[in-house]
Amino acid sequence: MRPVERTLSTPRQAVLGALAAAVVSGAVWGLGHAVAALVEAIAPSPDANIGLGMFLLALQTLVVPFGMWWPLRLLGVPGAGLVAGGAVVVLVVVVTSVGVLASVVVVTAYTGLAVLTARALAARRHGGLTSGGAA
């Protein structure tokens, strides 16, 4: 059985990949904050809730790459697993230095650039694919 021919252009793949990353990152951010609000409503803490903070960081770092991988794979991005795995590094650096909300924007930008890079590397490896060729 032959793989499905991908007909998306490189810029369109990058935009759709970045959009998928934004949706997944935003959904995980919203889910994390909904859980945090629920925990605070059930058991309010007068001090910083370190366990809840660690949960929010772990949720972003573990769920976003897996959530990104599937749409990137459907879009035919070469090395979709590597692109999604690179989001872990971006998330760890950005979330710990800037904040969780900023990570949504940064992961979106990273994904768009990573998709463009993956397509360019695949084209170079395969001798210059056209923008609509399978990669």
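Structure notes:
- Order of S97, S103, S9 - criterion: other Cβ atoms within 10 Å of each residue's Cβ, fewest first: S97, S9, S103
- Applying 0.36 nm per residue to the separation of H126 and M54 and subtracting their alpha-carbon distance, the gain on full extension is 21.6 nm.
- Spin-label pair A27/V93, simplified geometry with 7 Å Cα→Cβ offset, distance in nm: 2.7 nm
- For Rg and Dmax of the Cα atoms in Å, calculated from these coordinates, the label among (1) 32.5, 105; (2) 35.6, 111; (3) 17.5, 61: (3)
- C-alpha long axis of helix 50-74 to longest principal axis of the chain, angle in °: 20 degrees
- Relative contact order, whole percent, for the range 1-123 stands at 41, derived from Cα pairs under 8 Å and 6 or more residues apart.
Quick note: the coordinates plus some simple rules give every number you see, no bench work behind them. All values reported here derive from a predicted model rather than from experimental measurement. Don't worry about glycine lacking a Cβ; one is built from the backbone with ideal geometry, like all the others, and counts go over all protein chains shown.
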